[in-house]
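All remarks here apply to the structure that follows.
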Amino acid sequence: MIETADQLRRITRELIEDLVQDGVVYAEIRTTPRELVGEHLTEKEGIDVILDEIKQSEQRMGNRIIVRLLLSINRSESA
């Protein structure tokens, strides 16, 4: 389980690095904000961490990859 922003950042960074190594030039990462919530992380913080790491990774990789975040939201379930 992902419990901290640092863990989420590392997982996002490693995913993007793996995609670049596999020759991927465009990727869409999909997640559910509710799944990001932990004892030390809110939905908004989780999304912000992922978006920030996507931006940093794209720059670090010399723009060899474009990454987008898709959020899955189930409106039929209550919070």
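Just give me the residues in the range 25-42 being assigned to a loop (DSSP other than H, G, I, E, B) and surrounded by 10 or more Cβ atoms within 10 Å (Cβ to Cβ), in sequence order.
Narrowing the range 25-42 to residues assigned to a loop (DSSP other than H, G, I, E, B): 25, 32, 37, 39-40, 42.
Listed by number, the residues that qualify are 25, 32, 37, 40, 42.
If the condition is being at pLDDT below 95 and either open to solvent by 70 Å² or more (accessible area, probe 1.4 Å) or on the phi > 0 side of the Ramachandran plot (or both), then the range 64-73 contributes 64, 71, 73.
Condition check ((1) of a type outside the set (A, V, I, L, M, F, W, C); (2) open to solvent by less than 60 Å² (accessible area, probe 1.4 Å); (3) not in a loop (DSSP other than H, G, I, E, B)) across all residues:
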| residue | (1), (2), (3) |
| --- | --- |
| 7 | yes, no, yes |
| 23 | yes, yes, no |
| 44 | yes, no, yes |
| 50 | no, yes, yes |
| 56 | yes, no, yes |
| 62 | yes, yes, no |
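The values are calculated or read from the model by the stated rules, or taken from the named source; none is laboratory data. Worth saying up front: this structure is predicted, and the values here are computed from it rather than measured. Reconstructed Cβ throughout: ideal geometry from the backbone, glycine too, with neighbour counts over all protein chains shown. Side chains are part of the model used for accessible areas, which takes the heavy atoms of the whole protein and leaves out ligands, DNA and RNA. Shrake-Rupley method; radii C 1.70, N 1.55, O 1.52, S 1.80 Å.
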